[in-house]
Amino acid sequence: MERPGRGLRHLLAGETILVPGAYNALVGRVLEDAGFPAIYAGGYAAAAATYALPDIGIVSGAEMAEHVSRIARSVSVPVIADADTGYGELVNVARTVRELERAGAAAVQLEDQVSPKRCGHLEGKRVIPRDEMVRKLRVALDARSDPETVIVARTDAIAVTGLDDAIDRLRAYADAGADVLFPDAPRSVAELRAIAGAVELPLVANMSEHGKTPLLSTAEIAELGYAIALYPSSTLFAAARSARELAEILKRDGTTRDALDRLMPFDDLNDLVGLAAWQAEEAKGVA
């Protein structure tokens with residue numbers, strides 16, 4: 001069986017990858033069935049969908065590892081795991097990498113925010129010194145059980161110390177050995193282009209709807225020179241709105257009879273979760 005990191009590295013060597021986020025295992029299965037080659041397990045979606053919490057550093061490393069494990073077990077495509085700041089100091093970073101590898105992550109993403117962090121598109125972010133993040137990345141790289149595991153280095157400096165410092169940080173993170181660079185929340189296509197022209201490693205373009213970065217197509221992102229077009233929270237936003245609308249209908253009408261076209265059919269959902277295969281397993285025990 002191919003190691004998760006190797007599969008992701010193979011994808012990175014090709015054309016720009018369109019990577020959506022899954023907020024749970026079922027959505028991961030939906031995305032794989034739709035043909036996406038990799039899946040993102042983001043902290044914002046994990047906090048909101050699993051715990052109804054904001055993304056301000058409340059979810060623990062152990063909780064995130066369990067979240068990633070559930071998704072990774074449900075799919076065969078590589079999973080990119082958001083590890084926030086590493087959940088602590090250098091020893092915590094090392095443990096976080098190993099736990100996420102055990103959970104099945106193909107990539108571990110670390111960011112340079114002060115802990116507790118906050119969602120990259122919220123106000124009030126702060127960043128740690130560049131050299132401190134470099135030390136975290138070196139520890140993460142050394143901690144990998146599998147050298148194929150991809151280490152993604154994210155900087156949130158654009159909104160804090162400016163574009164020039166963000167580019168300097170990305171260069172330093174590349175020199176430290178990071179495999180992929182993630183400049184979060186560029187404010188324009190010009191900033192996205194400037195970053196791509198300043199570094200040589202594969203880059204992530206974060207397309208978070210309602211965020212600070214212009215929402216571009218994968219073709220536009222590829223033209224800018226980015227390796228990953230990331231849509232981290234789209235399925236979460238869609239599900240939250242759908243659930244609210246259905247709740248309003250049910251409360252108003254006392255039935256879902258007139259909303260059946262909004263619901264996945266029972267048999268289709270059973271197919272999605274592999275009911276037939278599990279029934280075949282069950283039958284072996286009684287044959």
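The values are calculated or read from the model by the stated rules, or taken from the named source; none is laboratory data. Everything quoted here is computed from the prediction, not taken from an experiment. Here Cβ is always computed from backbone atoms with ideal geometry, including for glycine, and neighbour counts include all displayed protein chains. Heads up: the accessible areas ignore ligands, DNA and RNA and are worked out on the full protein's heavy atoms, side chains in. Shrake-Rupley method; radii C 1.70, N 1.55, O 1.52, S 1.80 Å.
The residue of the range 5-23 that is least open to solvent (accessible area, probe 1.4 Å), among those that are in contact with a helix residue (DSSP H, G or I) (Cβ under 8 Å, 6 or more places away or on another chain) and over 12 Å from Gly42 (Cβ atoms), is Ile17. On the stretch given as the range 31-76, residues that are in a loop (DSSP other than H, G, I, E, B), open to solvent by less than 20 Å² (accessible area, probe 1.4 Å), of a type in the set (A, V, I, L, M, F, W, C) and within 15 Å of Ala239 (Cβ to Cβ) total 0. Selection of first residues in the range 254-268 that are within 16 Å of Arg241 (Cβ to Cβ) and of second residues that are open to solvent by less than 80 Å² (accessible area, probe 1.4 Å) and of a type in the set (Ser, Thr, Tyr), restricted to Cβ pairs under 8 Å at least 6 apart or on distinct chains, gives the following pairs, ordered by first then second residue: Arg262/Ser242; Leu263/Thr256. When the range 44-70 is filtered for residues that are in contact with a Cys (Cβ under 8 Å, 6 or more places away or on another chain) and not aliphatic (A, V, I, L, M), the ones remaining, listed by number, are Tyr44, Pro54, Asp55. The residues of the range 167-223 that are closer than 19 Å to Gly14 by Cβ and of a type in the set (Gly, Ala, Ser), listed by number, are Ala196, Ala205, Ser217, Ala219, Ala222.
The requirement of being in a loop (DSSP other than H, G, I, E, B) and of a type outside the set (Asp, Glu) is satisfied by Thr85.
Could you please find all residues in the range 78-111 being open to solvent by less than 10 Å² (accessible area, probe 1.4 Å) and over 16 Å from the mean Cα position of the chain (by Cα)? Listed by number, the list holds a single entry, Val93. For the range 200-258, the tally of residues that are closer than 21 Å to Ile80 by Cβ, in contact with a helix residue (DSSP H, G or I) (Cβ under 9 Å, 6 or more places away or on another chain), open to solvent by 40 Å² or more (accessible area, probe 1.4 Å) and among the polar types (S, T, N, Q) stands at 0.
Applying the condition of being of a type in the set (D, E, K, R) and within 34 Å of the chain's Cα centre (by Cα) to the range 271-287 and asking which residue is farthest from Ala25 (Cα to Cα) yields Glu281. Any residue in the range 9-26 that is farther than 25 Å from Glu66 by Cβ and basic (Lys, Arg) sitting within a Cβ distance under 8 Å of a residue that is open to solvent by less than 40 Å² (accessible area, probe 1.4 Å) and in a loop (DSSP other than H, G, I, E, B)? List the pairs, counting only those 6 or more apart or interchain. Final answer for the pair search is Arg9/Asp179.
Among residues of the range 42-69 that are of a type in the set (Phe, Trp, Tyr), those with a beta-carbon under 8 Å from a residue that is part of a loop (DSSP other than H, G, I, E, B) and open to solvent by 60 Å² or more (accessible area, probe 1.4 Å) at least six positions away or on a different chain give the pairs Tyr51/Ile58.
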